[in-house]
Every structure is written in C-alpha cells, then in structure tokens.
Amino acid sequence: METKLIKIQKHKNTRVYLMLLLVGLFFIMGLQQVSAQSTLPIPQIGINIDEAQNPQEVTTSLQLLFLLTILSIAPAILIMMTSFTRIIIVLSFLRNAIATQQTPPTQIIIGLALFLTFFVMAPIASEINQNAIQPYLAEELTQSEALELGMKPLREFMFRQTREKDLALFIEISNAEVPNELEDISTTNLIPAFIISELKTAFQIGFVLFIPFIVIDMVVASTLMSMGMMMLPPAMISLPFKLLLFIMVDGWNVIIRSLILGFK
C-alpha cells in the first residue's frame, strides 16, 4: 500500500515538473519572437561639455549656473532671511512649555511656520515681483539692476527687525567704515545681524511663554508633596491644567497674533 502511494506521488511530481518545463519553454520562445519582431529604442542620456562658439553661449551658461546656485541655497534663504526663524523657535518653545512631547507633531509645527512665513512675507514678495522680477522678464532691467531692486524690500524688512547693537557688532568685526545711512550697510553684515536679533527675540518670547506653565507645575508639585503622594509624577497631573489654561485664553490665537504683529 505504501509502495503504491509513493508511485502515485512520484507520478504527480513528474507531471508538475513537465508542466513547469513547458511553461518555461513557451516563455522563452515568446521573448525570442518579440525581440525578433520589434526592437525597442533605448535612449542615450548624457551631459556634454562643449566649447562655446560665441559670447552669448557663455552668458547663457553662466545664467544657468547662477539659477542652479540660487535653487540650491533657497532653503537657507527661506530660513535665515525671513520670519521663519522666529516663528519656528517660538512654536517649539510652546510645545516644550506645555510638555506635550510630540503633540503637535514636528511636521505640523514646520508646516504652520511655513504658512505663517508666507503670510508675513507676502507683501514683500509681491513688491519684489512687481519691481524686479516682472521688469527683468520684460527685458526692461539688467540682471544686476533686478537683483538690487529685489533686495531692497527684503533689506528694509531685515532692518526693521535688527537691533543696532547687532549691526554694530558685525560692522566692527568686518573692520568696515561706520556708515552714515542704512543703504551703506552691506548685505553680508545685515544678514547675520538679522539672524542673531531674531534668535534673541524668539528666546525672549519663549521665556515669557514658560512662566505660566512653570507656575502650574510648581503648584501641582507642591500640592502632591503636601498630600504625601510622592510616587505620582507631577507632570502627569499638571498637563491637563496646562491644556485647560491654554484653551481658556485661546492660546493659539494669542500667540499667532503676537508673532505676526511683531513683524509689522
């Protein structure tokens, strides 16, 4: 009986092997027929560096290189020369002050900071587009003139947010002459002065944000100690009270309003 079952099983395995072999042969024959009937074109992709034949080609290449450079440093321009720095730091301080760990998530905070930055910088971007980009596209301005006119509203924005002490610091370090007017201050001195001014302002706002939540933590911790509940984490008990306080004062409205009006 066992010998008969073994023979049946071997017969089944042989049929399976034959079927797989036939399928493989048909597949190979089909590929050969397709390759014999039609040849698919294979594109060739490459980057060639040839010698320029006239000055116009050199100018075009330099403009393309300049555009690629601007695109590569665009994130740094967005972060360092706009309101993004102050906004993202304040929102991060707020999350740490409430002690909600990863709520709101980092992606939400960055997205909110980006859209608030677009809102704050929209008038400046509109002015740059109207006075510099559109005339340059219409060939009414040269590239250097368009760059100078485009930087003017951005420099005015940075001057409004920069402290004189920070400007004086970088002017002194660079051994530059003391300027008589704001137009005489170079952009290379203005940008780092603007960045450290934004950092100082953001930390000042963060300090103010921490005060009410620290008071709640101290009150809760003192209450738990007086009740003898040493093993209960004070942060767990104070978190609902922090959220309640933040909701009652309409915290998001107050903070966003203060941030935006701070740039006016």
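The values are calculated or read from the model by the stated rules, or taken from the named source; none is laboratory data. Since this is a predicted model, take the numbers as computed values, not measurements. Because the Cβ atoms are built from the backbone with ideal geometry, glycine has one as well, and the counts that use them run over all protein chains shown. To get the accessible areas, we keep the full protein, side chains included, count just its heavy atoms, and leave off ligands, DNA and RNA. Shrake-Rupley method; radii C 1.70, N 1.55, O 1.52, S 1.80 Å.
Worth a mention:
- Matching entry among ILE109, ILE124, ILE128 (being touching a Leu at 6+ places or on another chain (Cβ under 9 Å) and under 30 Å from PHE241 (Cα atoms)): ILE109
- When ALA168 is tested against the conditions (1) small (Gly, Ala, Ser); (2) open to solvent by less than 40 Å² (accessible area, probe 1.4 Å); (3) more than 21 Å from PHE84 (Cβ to Cβ), the lone failure is (2).
- Taken over the range 85-117, the residue count meeting the criterion of being farther than 19 Å from ASN253 by Cβ, within 14 Å of the chain's Cα centre (by Cα) and free of Cβ contacts under 8 Å to residues at least 12 places away in the same chain is 2.
- Remark: PHE93 falls outside the filter, which requires a residue to be open to solvent by 40 Å² or more (accessible area, probe 1.4 Å), more than 25 Å from ASP217 (Cβ to Cβ), in a helix (DSSP H, G or I) and at pLDDT 80 or above.
- Residue match in the range 178-193 (condition: touching a residue at least 60 places away in the same chain (Cβ under 8 Å), assigned to a helix (DSSP H, G or I) and either open to solvent by 70 Å² or more (accessible area, probe 1.4 Å) or within 28 Å of SER92 (Cβ to Cβ) (or both)): yes
- Tallying residues that are among the small types (Gly, Ala, Ser) and surrounded by fewer than 17 Cβ atoms within 10 Å (Cβ to Cβ) within the range 109-132 yields 4.
- Test: residue in the range 133-145 that is out of contact with any Ser or Thr (no Cβ under 9 Å at 6 or more places or on another chain), at pLDDT 85 or above and open to solvent by 50 Å² or more (accessible area, probe 1.4 Å): no
- Considering residues of the range 126-175 that are in contact (Cβ under 8 Å) with a residue 24 or more places away in the chain and aliphatic (A, V, I, L, M) only, the residue farthest from ALA193 (Cα to Cα): ILE128
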